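Undergrad: Can you keep this structure in mind? I'll have questions shortly.
The values are calculated or read from the model by the stated rules, or taken from the named source; none is laboratory data. What you see is a predicted model, and the numbers here were worked out from it, not measured in a lab. Positions of Cβ are backbone-derived with ideal geometry, glycine not excepted, and every protein chain shown enters the neighbour counts. Please note that ligands, DNA and RNA were not included when accessible areas were found on the heavy atoms of the full protein model with its side chains. Shrake-Rupley method; radii C 1.70, N 1.55, O 1.52, S 1.80 Å.
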Amino acid sequence: MSKIKETSTNFANKQALADECAEAYAANVIGGQWALVICSWLMNGKLRFGELKNKLPNITERMLTLQLRKLEENKIVKRTVYAEVPPRVEYELSPIGYDLRPIIQHLEKWGQKHKELVTAVPPGS
């Protein structure tokens, strides 16, 4: 996952839109399929890296690591490292991350409704 060059037009457009529109800002913070799914699993409580990996079998370890780092950097996820051998690391939603619960639940309902709409057989077929 590479960062957008800060000198690019794409970066400037994204930044300007995020500055003007809270919805665009939020989409930039939690955007991407993996971030939402990770948050969705963490709504049920703390999980270790391996547990998250098992719940997301199609994600690579690298992508999971990058997504968790981004969510942690954005204060959505809290990472706790326990001083044990081997080290134990747990991930959980932060208070602001838990505020996403109704939004994620609503997106899930909307997604199901939309999926049914677009996959429905047209009348007369």
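Undergrad: Checking the conditions here, which among ALA26, ALA16, ALA35 is open to solvent by 40 Å² or more (accessible area, probe 1.4 Å), modelled with pLDDT of 80 or more, outside any loop (DSSP other than H, G, I, E, B) and among the hydrophobic types (A, V, I, L, M, F, W, C)?
TA: So the residue among ALA26, ALA16, ALA35 that is open to solvent by 40 Å² or more (accessible area, probe 1.4 Å), modelled with pLDDT of 80 or more, outside any loop (DSSP other than H, G, I, E, B) and among the hydrophobic types (A, V, I, L, M, F, W, C) is ALA26.
Undergrad: Further question: Keeping to the stretch 86-103, report how many residues are among the β-branched types (Val, Ile, Thr) and at pLDDT below 90.
TA: Of the residues in that region, 0 qualify.
Undergrad: Could you tell me which numbered condition ALA120 fails, if it satisfies all but one of (1) free of Cβ contacts under 8 Å to residues at least 40 places away in the same chain; (2) farther than 15 Å from ALA35 by Cβ; (3) in contact with a helix residue (DSSP H, G or I) (Cβ under 8 Å, 6 or more places away or on another chain); (4) among the aliphatic types (A, V, I, L, M)?
TA: (3)
For (1) touching a Phe, Trp or Tyr at 6+ places or on another chain (Cβ under 9 Å); (2) without any contact (Cβ under 8 Å) to a residue 60 or more places away in the chain; (3) among the polar types (S, T, N, Q), each residue gets a yes or a no:
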position	(1), (2), (3)
PRO57	no, yes, no
MET63	yes, no, no
LEU68	yes, yes, no
LEU71	yes, yes, no
ASN74	no, yes, yes
PRO86	no, yes, no
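Undergrad: ASN58 is checked against (1) touching a Gly at 6+ places or on another chain (Cβ under 8 Å); (2) closer than 17 Å to GLN33 by Cβ and fails just one. What number does that condition carry?
TA: (1)
Undergrad: Residue pairs, Cβ under 9 Å, 6 or more apart or interchain, first in the stretch 31-43 and hydroxyl-bearing (Ser, Thr, Tyr), second open to solvent by less than 40 Å² (accessible area, probe 1.4 Å) and part of a helix (DSSP H, G or I). List them.
TA: Pairs found: SER40/ILE104.
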